[in-house]
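What follows is a short report on a single structure.
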Amino acid sequence: MSGLPEDYLSTPLRRYGMDHERYDWSMLPERKPVKWPNGARIAVWIIPALEWFPLNMKGQPFKPPGAMQTAYPDLRHYTLRDYGNRVGIYRIMEALTRRNMKVSVAINAAIAARTPSLVRECAKLGWEIIAHGRDMDHLHHGGMAEEEERLLVIDSIKRLEDCSGQKIVGWLSPAKSESFITPDLISESGLKYLCDWVNDDLPYVMRTRKGSVISMPHPIDIDDYTILVQNHHTEDDFRDALIDQFNFLYKESSPEAGRIMAISLHPWVIGQPYRISALEQALDHINRHAAVWSATGAEILNAWSSQAK
Amino acid sequence: MRDPQYFNYLPYRRRPVIRWPNGGHVAFWVAPNIEFYELNPPRNPSRAPWARPSPDVVNYSYRDYGNRVGFWRMLESMKRCGMRGSVSLNVATCDHHPEVIQACMAHDWEFYSHGTYNTRYLFNHTEAQERAVLQDSIDTILKHTGQKLDGWLSPALTYTERTLDLVAEMGLTYVCDLFHDDQPTPVNVKQGRLVSVPYSLEMNDTIVYNVNLVSPRRYADILRRQFDRLYEEGKTSGTVMCIPLHPYLIGQPYRLDAFEEALSYITGHDKVWLATGREIASHFLEHYYDEFLLASTPVGEAP
């Protein structure tokens, strides 16, 4: 066994607060409470993702969740992902439209080029569009040149805006993967919020090179891929997880101190015939409560921002 | 070395009988891991700090959730069940998040060391470096909590061949790193007296949620089953049950109620000794360490 360099024990960032400057240390119970409109206790934020995984994806610097798995050409996984964008998303649309629920849909820019009518259909339903990078094989990561990443950000936003006619304000990186400067680039591109970090249940301010961007609580736990595909749980387990999540947040909240229930969905997962009712049953449970506000990310952000100091 | 020989052989059914205080069948303790993971730590050649290339914002921020959000919920659940924590502490958290440490102290919780950061691994440390890490833990815990450091769980379960010897030599009395038993046992070290207090990977929420991928309600069932059997066997000779927790996992809204139901089921029993790691280690050291050592036989040399 060889020793380590002496400076392995050096800890220059051992200090009060975080070990970086991106955001401040802040405890949820000490946070300034936020009130949602009409005395709602829970803002329900539903975020399906429309993704494209290229058949010949390189999977660099790592394979994102949902990546191709067999040797090339992996038709089974490629086509199952596409199932989500042809069939599954329409089941989700029906489930949510019937229940008058607001939606923010995270879309890879490649979808705008491949099937622009799908993007326009989301916009027509009044869904907010969140820019979700170029595709699932263009991950943002620390080894990337700044200019290359900047182009990816700007190009993704532009393609989605041109296709949908919407002004985009939110960003979700493919696989939630960032470089050290992704929040800077997002802020410099004029966007207002970022969905990659999972350290909070409320929005909070991130410092960037130019002003700030707001981190929104987009989950990895309350997510159909995590529970159904990664964890191999049943549809009833997925429904119960959503219900338990909601019940706990409802109990913890009050009309004076709201919480956010964010639900991350993938149409190729939850949009299967045998699974969709799990989502429907959980939504029905949620909607039986009066103090619930169905909102888009942008609406939640505006309500929060207007009360932030 | 092929076999660390940390403990002699002493079969479960042929050992001195343990009696816990007040006739408890099970010494039950809860060990919240209060951790700080660095966003961009120096690289140890034996282990990468993060699954993804730096910066791994998802995994970093997931763990940060524990201190910002999850800890405070877990604390309330434990308070409602009258359960003190024995904190497995990355000691740098005293500097980063003193509010968390103060909240633990306000409820009379115990602290033991889980290294400096959960992103600084003991692999490849020289003896001097390893001593420096231990000394820093001793000093930091004393300075911030007033407690003498008695217990050790290696950071991210990383070691050198010397770790347990140094832990004992530097005056600590118990370790949580060995998973060979449901009762405390003496640990063979070069000098000093060291006790292994059963911690558990089976009951550990990291293993349960991140490795075995079970649901929250299933975790609660696992905890109840484990307790029921140890409670029954503890009528014959006292057993130990530990629930190691991580606030970033157990503190997720959809997991807390199921956990609290299981915790309250356990703490609601009559013959359960609600203890801390230090209390279990002291009781064993005082009453059973010598007897256990005497009854045990050294493990033979494998061919």
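All of the numbers you see were taken from the coordinates with simple rules; none came from a lab. All of these numbers come straight from a predicted model, not from anything done at the bench. Virtual Cβ from ideal backbone geometry, glycine too; neighbours counted across all protein chains shown.
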Flagged links, alpha-carbon separation over 19 Å, of A:LYS32/B:LYS79; A:LYS102/A:LYS167; A:LYS35/A:LYS251; A:LYS63/A:LYS176; A:LYS32/A:LYS210; A:LYS167/A:LYS192:
A:LYS32/B:LYS79; A:LYS32/A:LYS210
Cross-link reach from B:LYS235 to lysines, straight Cα distance under 27 Å and at least 8 residues apart if same chain, gives B:LYS271
HN-Hα J couplings of segment A:195-212 from phi, Karplus 6.51/-1.76/1.60, θ = phi - 60°, integer Hz, Gly and Pro as x?
10, 8, 8, 10, 9, 8, 9, 10, x, 8, 8, 10, 6, 10, 4, 9, x, 9
Expected-Rg normalisation [2.2 N^0.38 Å, Cα atoms] applied to segment A:4-141
1.46
For chain B, modelled as a Gaussian network with Cα springs under 10 Å, which listed residue fluctuates most, B:LEU142, B:LEU285, B:LEU89?
B:LEU142
Using 7 Å Cα-to-Cβ label points, what is the B:HIS269/B:ARG218 separation (nm, one decimal)?
2.4 nm
Sorting B:LYS79, A:LYS192 on the 10 Å Cβ count, fewest up front, what's the list?
B:LYS79, A:LYS192
So, with +1 on the Cβ of K and R and -1 on the Cβ of D and E, and no other charges, what is the size of the charge dipole of segment B:177-303 about its Cα centre, to the nearest 20 debye?
220 debye
Taking the inverse of the average 1/r across all pairs of different Cα atoms in the protein assembly as shown, what Kirkwood radius in Å do you get?
25.9 Å
Amide H neighbours of B:ILE243 under 5 Å, at least 5 residues apart or on other chains, H built in the peptide plane: list them.
B:TRP29, B:VAL30, B:ALA31
For segment A:35-305, report the convex hull volume of the alpha-carbon atoms normalised per residue, in Å³, without decimals.
119 Å³
Proxy exposure order for A:SER156, A:SER26 (fewest C-beta within 10 Å first) is A:SER26, A:SER156
What residues have an amide H closer than 5 Å to that of B:VAL272, excluding those fewer than 5 places away on the same chain, when H is modeled at 1.01 Å from N in the peptide plane?
B:HIS25
Cα shape, segment A:1-56, gyration tensor, a/c 1.5 rule
oblate
Can you list residues from other chains, or at least 5 along the same chain, whose modelled amide H is less than 5 Å from the amide H of A:LYS102?
A:ALA295
Under a plain spin-label model, where a point goes 7 Å from the Cα along Cα-to-Cβ, how far apart in nm are B:GLU286 and B:GLU99?
3.8 nm
Per residue of B:115-122, what is the mean number of Cβ atoms on other protein chains within 10 angstrom of that residue's Cβ?
2
If you filter segment A:226-280 for GluC sites (Glu not before Pro), then keep DSSP loop positions with at most 14 other Cβ within 10 Å, what is left?
A:GLU256
Top mean-square fluctuation among B:ASN90, B:ASN59, B:ASN118, Gaussian network model of chain B, C-alpha springs under 10 Å?
B:ASN59
Whole-Hz Karplus ³J(HN,Hα) for segment B:255-268, in order, using 6.51 cos²θ - 1.76 cosθ + 1.60 and θ = phi - 60°, x for Gly and Pro?
9, 6, 5, 4, 4, 5, 4, 5, 4, 6, 4, 5, 5, x
Please report B:THR297, A:THR97, B:THR206, B:THR93 as a ranked list, fewest other C-beta atoms within 10 angstrom at the top and most at the bottom.
B:THR297, A:THR97, B:THR206, B:THR93
Sequence order, segment B:239-254: Karplus ³J(HN,Hα) from phi using 6.51 cos²θ - 1.76 cosθ + 1.60, θ = phi - 60°, Hz rounded, Gly and Pro as x, gives 10, 10, 10, 10, 10, x, 10, 10, x, 6, 9, 6, x, 6, x, 6
According to a simple spin-label model (label point 7 Å from Cα along Cα-to-Cβ), what is the distance in nm between A:ARG150 and B:THR297?
7.5 nm
Segment A:35-305, relative contact order [Cα under 8 Å, separation at least 6], %
29 percent
Mean per-residue count of partner chain Cβ within 10 Å for A:243-252 equals 4
